[in-house]
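First comes the structure, then the notes that go with it.
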Amino acid sequence: MKANPLISGFDELSGVATLTFNRPEVLNAIDVPMAEAFLGAVKVLNQKSGLRCIVMTGAGRAFMAGGDVASMASSPEHTKEFINGLLVPLNEAILILRGMDAPIVASVKGAAAGAGLSLALMADLIVADENAKFLIAYNGIGAVPDCGGTWFLPHKVGAARAAEMMLLGRQLTATEAKDWGLLTEVASPEAFDEVLTAIVTQVANGPTRAFGAFRRLIDNSNGSPLDIHLEAERQAFLKAAETADFAEGVSAFVAKRPAAFSGQ
């Protein structure tokens, strides 16, 4: 029986969902079935009540080594069909995820290359093993980044460093990626699970709906004139003020106690 290319789990108690790319024999290179499974899992999560955080990770030795170039090469007459089969569901999944409120955390061990790098960058926070590697990889096959790579990378590191990675094929170690601003935290293999759990727990216990507003404001900031962005912030604040988490946060602040957010 063929393994499921995407494993989805959800912990009702913590509100944490986990999406695991599951083709470890090819370093989780993404093919059409995995792309379709990813979209299906994301659609289910989008309807899930009590969702507080989404963790993306890869099975085995890598987060994701990119698209399945071997599958593409095996049938060159169907290359365009294959590319659309990958990117149409992946792009839809990315838009759904970025429109949700729950923070997204990428858990990266081994390689995050090509589409794998793009999908990791799509997360709000990235926790990486100290042995992780980050690589654009597309220039090696004469292609261009997909899955939002040319959008997320410049947002995180700036245009000059994005161009360096894209044009020179610059591979970053985890330490370099942290220095460049790509990563949230780098951990040793021994401490990795503890560090990841601490970060996931912190954001899962936060004001989820406000976090969603944070992301949308950040995503729109570079493309909006200041007056438009100020108004978007005002409207987002007004909407946040209607939430139970806002009432709890204000009450906790006045009482000088830690807030107990519910995500509502």
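The values are calculated or read from the model by the stated rules, or taken from the named source; none is laboratory data. Just so you know, these numbers come straight off a predicted model, no measurement behind them. No Cβ is skipped: glycine too gets one built from the backbone with ideal geometry, and neighbour counts run over all protein chains shown.
Miscellaneous remarks
- Qualifying residue in region 20-39 (condition: of a type in the set (G, A, S), out of contact with any Gly (no Cβ under 8 Å at 6 or more places or on another chain), surrounded by fewer than 19 Cβ atoms within 10 Å (Cβ to Cβ) and farther than 20 Å from L135 by Cα): no
- Qualifying residue in region 129-146 (condition: surrounded by 16 or more Cβ atoms within 10 Å (Cβ to Cβ), under 23 Å from D219 (Cβ atoms) and at pLDDT 95 or above): yes
- Pick from region 136-162, criterion of a type in the set (A, V, I, L, M, F, W, C) and part of a helix (DSSP H, G or I), ranking: farthest from L121 (Cα to Cα): I141
- Within region 245-263, the residues that satisfy the criterion of being touching a helix residue (DSSP H, G or I) at 6+ places or on another chain (Cβ under 9 Å), surrounded by 13 or more Cβ atoms within 10 Å (Cβ to Cβ) and not aromatic (F, W, Y) are D245, G249, A259, S262, G263.
- Of the residues screened, P189 is not one that is touching a helix residue (DSSP H, G or I) at 6+ places or on another chain (Cβ under 7 Å) and assigned to a loop (DSSP other than H, G, I, E, B).
- Being outside the structural domain of V88 (by TED's automatic domain parsing) and more than 21 Å from L97 (Cβ to Cβ) is a property that F237 has.
- The selection criterion, being crowded, with 16+ Cβ neighbours inside 10 Å and farther than 30 Å from I141 by Cα, does not hold for G223.
- Every condition in (1) assigned to a helix (DSSP H, G or I); (2) farther than 15 Å from D101 by Cα is met by V200 except one, and the failing one is (2).
- Members of region 203-219 that are surrounded by 13 or more Cβ atoms within 10 Å (Cβ to Cβ), out of contact with any strand residue (DSSP E or B) (no Cβ under 6 Å at 6 or more places or on another chain) and assigned to a helix (DSSP H, G or I): T208, R209, A210, F211, G212, A213, F214, R215, R216, L217, D219
- Checking E194 against (1) closer than 30 Å to L13 by Cβ; (2) out of contact with any strand residue (DSSP E or B) (no Cβ under 8 Å at 6 or more places or on another chain), the condition it does not meet: (2)
- Entry remark, region 60-93: residues being buried (at least 19 other Cβ atoms within 10 Å of the Cβ), farther than 18 Å from I136 by Cα and at pLDDT 85 or above number 2 in total.
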